[in-house]
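Engineer: Structure below; questions to follow.
The values are calculated or read from the model by the stated rules, or taken from the named source; none is laboratory data. The model shown is predicted, which means the values in this text are computed figures rather than measured ones. When we count neighbours, we look across all protein chains shown, and the Cβ atoms used for this are built from the backbone with ideal geometry, even at glycine.
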């Protein structure tokens, strides 16, 4: 159980760091595209399921939420332009991707319809 918990926490933290890095380099189009590509490469590389891919996607959204609410100076880290709104859309797409690739339960072989 300890390694599973550690893996889940690590996936969540990697998601948070990836989203903050994407916001940091997302002020230019090449940086934004690199951040989005890295985000989906991260999600694709993790095994399907809530414990890794799902927690990384939730961590990514958590990082975006951290920077969306503004900074102490009164300005925002994410602009309200196409790239800023695109980051919010990417966060939603990341969660949809993680949810769509959740493993499905297999029916037991000893259950029969008769």
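Engineer: Please identify the pairs in which a residue from region 88-103 that is on the phi > 0 side of the Ramachandran plot and crowded, with 16+ Cβ neighbours inside 10 Å has its Cβ atom under 7 Å from the Cβ atom of a residue that is in a helix (DSSP H, G or I) and modelled with pLDDT of 85 or more, counting only partners at least 6 apart or on another chain.
Structural biologist: Within 7 Å, no pair qualifies.
Engineer: Going through region 41-60 one residue at a time, which ones are part of a helix (DSSP H, G or I) and surrounded by fewer than 14 Cβ atoms within 10 Å (Cβ to Cβ)? Steps first, please.
Structural biologist: Here is the first cut: in region 41-60, the ones part of a helix (DSSP H, G or I) are 41-45, 50-60.
Listed by number, the residues that qualify are 41, 44, 45.
Engineer: So, residue 67, is that one over 27 Å from residue 102 (Cβ atoms), in a helix (DSSP H, G or I) and within 15 Å of the chain's Cα centre (by Cα) or not?
Structural biologist: Yes: the conditions hold for residue 67.
Engineer: Test residue 77 against the stated conditions and say whether it is modelled with pLDDT under 80, loosely packed, with under 11 Cβ neighbours inside 10 Å and not in a helix (DSSP H, G or I).
Structural biologist: No; evaluated as a whole, the condition is false for this residue.
Engineer: Right, another one. Assess whether residue 38 counts as being farther than 24 Å from residue 3 by Cβ, at pLDDT below 85 and surrounded by 13 or more Cβ atoms within 10 Å (Cβ to Cβ).
Structural biologist: no
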